[in-house]
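The values are calculated or read from the model by the stated rules, or taken from the named source; none is laboratory data. Because the structure is predicted, anything quoted here is derived from the model rather than measured. Positions of Cβ are generated from backbone atoms using ideal geometry, with glycine treated the same way; all protein chains shown enter the neighbour counts.
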Amino acid sequence: MKSKFELSDVFKIIDSKDETKIYFSAFSRSVMPVMEVFQIENKAITQEQAKEYILEGIRTLTPEHFVRTVILFNDSTYLADEYGCYFDNKPWYIKFRIDEEGNLEEVSFHPPLRDIVTSAGIVIEARRFL
Amino acid sequence: MSKRCGNCGSTKLKKKNQKTKIFSWKDYPSVILTEDFILTECDDCRELIVCANEMREFDDVLMLSISNQVKEFVEVILKRENCTQAEIASHLGITEEYLCEIKQGRKIPKFQTFNFLKTLAAHHQSFVHSAPLKRSA
């Protein structure tokens, strides 16, 4: 199974350091959960640090972490790629897309609500404390 | 295609002032934004759509909001209790220098300190009961 968006294109956007080309389209599904995970571990972080963490996490993805491409909001033209990985010894569910203008839309970055099996068969276990 | 809300898919996204809204930040479960700060918000579900380059400013505004409240709490206590900053610091178990730093916004206190200060500002009785014990000679 192949992802809709090439990871190399995603990495290019992140590596460009052009922050106008990256946005979090659901703050409560990405930045906030990351801050909550760190708060539970008594290592409270800022929003800027959460953003950096998310981008760093995405940067570690490989095709083995790909789960599937999904249609969002019942719009067959609105596709996003789902990934699951362990980053920083923590399990994460990740969803993003590259929009029509070439921006990286980070939709989700949070602990998995249920176990995820990647296309390479890697099992990412759910973390249910949130 | 225009941007969508990542939570509900709505395209009704508007720039809105987040002043008076509550956000979590570091170990603070809820910080009331006391400053103007414009972010894109979903008109349908209130989700925030935040660009990566807005994140640092968001942090700065939240820190400023905490500092504003610290300053306000200290001023309320000074006026009501007719005491000195050194006395407030001793109630909080911190040094006067540190109190000055957090009052001037040079440092952000831990939530525990902030919350204690808030309690002292809200109730005269809290101030009375939290008075440090005087050591006998």
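In the stretch B:13-66, which strands (runs of 3 or more DSSP E) lie fully inside it and hold 1 or more residues that are within 22 Å of residue B:106 (Cβ to Cβ) and more than 9 Å from every other protein chain (Cβ to nearest Cβ)?
Working: elements: B:13-17, B:22-25, B:28-32, B:38-42, B:48-51.
The strands (runs of 3 or more DSSP E) meeting that bar are B:28-32.
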Task: Residue within the stretch A:53-69 that is under 15 Å from residue A:22 (Cβ atoms) and of a type in the set (Val, Ile, Thr) present - done: yes
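Hand me the list of strands (runs of 3 or more DSSP E) wholly inside the stretch A:1-105 holding 3 or more residues that are within 15 Å of residue A:116 (Cβ to Cβ) and more than 9 Å from chain B (Cβ to nearest Cβ). Write out each step before concluding.
Working: elements: A:22-24, A:66-71, A:79-87, A:90-98.
Result: A:66-71, A:79-87, A:90-98.
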Open item on the list: So if I check each of B:110, B:103, which one is under 30 Å from residue A:52 (Cα atoms) and either in contact with a Leu (Cβ under 7 Å, 6 or more places away or on another chain) or within 14 Å of another protein chain (Cβ to nearest Cβ) (or both)?
Closed with: B:110
Open item on the list: Pull out all pairs, ordered by first then second residue, where Cβ-Cβ is under 7 Å, the residues are six or more apart or on different chains, the first lies in the stretch A:1-21 and is modelled with pLDDT under 95, and the second is among the basic types (Lys, Arg).
Closed with: A:1/A:68
